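The values are calculated or read from the model by the stated rules, or taken from the named source; none is laboratory data. Quick caveat, the model's predicted, so the values are computed rather than measured. No Cβ is skipped: glycine too gets one built from the backbone with ideal geometry, and neighbour counts run over all protein chains shown.
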Amino acid sequence: MHRTLELTVPPAATEALQHELVALDEVIGLTVQLGASKKPAGDVLTVHVLNRGADEVLRRARAAVADARSLSIVTSEAISFISPADHHAVDDDRDEAIWEEMESGLRHQGRITTNYLLLMGLGGIVCALGLVAEPVPQALAFVASAVISPGFDPMTKVPLGLALRRWPLVWHGLQSVLAGYVVLILAAAATMAALVANGDSSAHALAANPEVQHLAHPGLPELLLAAAGALAGLVTLAAFRRSFQAGPLIAMAFIPAAALVGAGLAVGRFDLAVEGLERFGADWGFIVGLGVPFLWLKQRFVHRRAPLA
């Protein structure tokens, strides 16, 4: 998708900025409304720009305004640009999210709210049921829990914050991960305790489940799958393809691993809980270890600017 950027700037910056934006080949359309904005007060420039030019527009908008607090920007997706004169430029656009959109999406998905915690808990329940299920319902439970639980985005805040040296983002990511996965582990523990109390499962059934053994003792194929899923999730996020985010989550095992921590504690198998925690740490390690250099390269060669806020 292409971008529509609505810039509100002080009147003193409008004249020079509009000439700079018109000169950019990536800007397909520009509309200027003098004094149109009442809050914040200023002129409004609506810029229809290709993805590959969005960072340059933001860079020039920031440079044109002396005080960053007087600059306001709203971003949105444009489904299509129909401009015969610019057809080749439009056809050659790229898929790329800007830093501000990435951060905004991560804030929305990973903010500690009732909905976030509820979804993490429900994902823990579904995954705990899968830990002691037969192969087919187990696969369904693991896939469902990966889609239900918004557990990937909080983890991704950490490498993004590290790559951009935005320490509050790192701290908020750690807080979200801790809160969300504590709820998931507790929900999984309660579910396993209920299954054992009802006679539907046992500590032996949990330990003997083949997939639990794969979680507790991952081999090279499982680790490579997790590493590929971690990098795929980061690329999906950076490419602004959030609708495809479920695929990488299914490839990774941090949600079943976290559920195993709770299930192991519930049945007194502390060895399984520790092994689940180790697998959880390994998968998160892939997200951080692969995410920091990947996002740093994006900054170095693609965006080449600090986020505006």
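The table below lists the values:
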read-out: Residue count, region 1-21 (criterion: within 33 Å of the chain's Cα centre (by Cα) and free of Cβ contacts under 8 Å to residues at least 12 places away in the same chain); value: 0
read-out: In region 139-160, the residues that are touching a residue at least 12 places away in the same chain (Cβ under 8 Å) and in contact with an Asp or Glu (Cβ under 9 Å, 6 or more places away or on another chain); value: 142, 155, 157, 160
read-out: Any hit, region 151-159, residues being modelled with pLDDT under 95, in a loop (DSSP other than H, G, I, E, B) and at negative phi; value: yes
read-out: Meets criteria (touching a residue at least 24 places away in the same chain (Cβ under 8 Å) and either closer than 30 Å to residue 55 by Cα or in the same structural domain as residue 210 (by TED's automatic domain parsing) (or both)) for residue 277; value: no
read-out: Qualifying position, being within 26 Å of the chain's Cα centre (by Cα) and assigned to a helix (DSSP H, G or I), among 207, 194, 228, 263; value: 228
read-out: Contacts under 7 angstrom Cβ, first residue in region 208-230 being crowded, with 21+ Cβ neighbours inside 10 Å, partner assigned to a helix (DSSP H, G or I) and of a type in the set (Phe, Trp, Tyr), 6 or more apart; value: 226/286; 230/286
read-out: Wholly enclosed helices (runs of 4 or more DSSP H) of region 55-137 bearing at least 1 residues at pLDDT 95 or above; value: 114-131
read-out: Selected residue (only one of 309, 258 is in a helix (DSSP H, G or I) and either under 19 Å from the mean Cα position of the chain (by Cα) or under 20 Å from residue 140 (Cα atoms) (or both)); value: 258
read-out: Condition check for residue 291: surrounded by 16 or more Cβ atoms within 10 Å (Cβ to Cβ), of a type outside the set (Asp, Glu), at pLDDT 95 or above and in a helix (DSSP H, G or I); value: yes
read-out: Set 128, 133, 78, 66: member being small (Gly, Ala, Ser) and in contact with a Gly (Cβ under 8 Å, 6 or more places away or on another chain); value: 128
read-out: Odd one out for residue 224, checked against (1) out of contact with any helix residue (DSSP H, G or I) (no Cβ under 7 Å at 6 or more places or on another chain); (2) on the phi > 0 side of the Ramachandran plot; value: (2)
read-out: Any chance residue 54 is free of Cβ contacts under 8 Å to residues at least 24 places away in the same chain, under 17 Å from residue 9 (Cβ atoms) and not aromatic (Phe, Trp, Tyr); value: no
